[in-house]
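The values are calculated or read from the model by the stated rules, or taken from the named source; none is laboratory data. Source: prediction; values computed, not measured. Every residue, glycine as well, gets a Cβ built from its backbone with ideal geometry; the counts of neighbours run over all protein chains shown. What goes into the accessible areas is simple: the full protein's heavy atoms, side chains included, and nothing from ligands, DNA or RNA. Shrake-Rupley method; radii C 1.70, N 1.55, O 1.52, S 1.80 Å.
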Amino acid sequence: MDDLIELVSPEQLPEETSTRFLLDGVIVAVEPEGGRSWWFPQLEVSLVQQELSAAGSYAVSGHGPAGSFAEALAVLREVAQDQPRSGGSERTSGGGS
C-alpha cells in the first residue's frame, strides 16, 4: 500500500493535493488550505505558516503562539498521540519497510 514517511520538514507539506504522513507512528492526512495553511482532518487542527522567512513561524490552531516548524511539529505529534485509536487515525506498529 502506501509507503508512508514521517513528517519532519515544511518542504514535505503538500501544495495542491492531500497526502498522508506519519506523526510518531500515527497516520494522518494533510490537506493544503492555501499557500501557507494545511488542514489535518483527523486531528481537527490547521498548521499555519505565519512568516515567509526561511526559518518561518508556524502555529497550530488552538494550541498557543507561533514558533519554529519543529515546535509546531511537536504540538502536532502530541495532538496525534492524544487521538482515540478508533477516531479515524490509524497507528502503525513501528518498524516496517
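Filtering segment 48-58 to residues that are under 13 Å from the mean Cα position of the chain (by Cα) and touching a residue at least 24 places away in the same chain (Cβ under 8 Å) leaves Gln49, Tyr58.
Residue pairs whose Cβ atoms lie under 6 Å apart, separated by 6 or more positions or on different chains, with the first residue in segment 36-47 and β-branched (Val, Ile, Thr) and the second assigned to a loop (DSSP other than H, G, I, E, B), are Val45/Ser61.
Which of the residues spanning segment 15-43 are part of a loop (DSSP other than H, G, I, E, B) and either among the polar types (S, T, N, Q) or at pLDDT 95 or above (or both)?
Initially, segment 15-43 is screened for residues part of a loop (DSSP other than H, G, I, E, B), giving 15-18, 24-25, 35-36, 41-43.
Once the filter is applied, which keeps residues that are part of a loop (DSSP other than H, G, I, E, B) and either among the polar types (S, T, N, Q) or at pLDDT 95 or above (or both), segment 15-43 yields Thr17, Ser18, Pro41, Gln42, Leu43.
Taken together, the residues in segment 35-69 that are open to solvent by 70 Å² or more (accessible area, probe 1.4 Å) and within 14 Å of Pro10 (Cα to Cα) amount to 8.
If you filter segment 70-84 down to residues that are surrounded by 13 or more Cβ atoms within 10 Å (Cβ to Cβ) and of a type outside the set (A, V, I, L, M), you find that the one that is farthest from Phe21 (Cα to Cα) is Glu71. In segment 1-30, the residues that are touching a residue at least 40 places away in the same chain (Cβ under 8 Å) and loosely packed, with under 10 Cβ neighbours inside 10 Å form Cβ pairs under 7 Å with partners that are part of a loop (DSSP other than H, G, I, E, B) and not basic (Lys, Arg), at six or more places apart or across chains, as follows: Asp3/Ser97.
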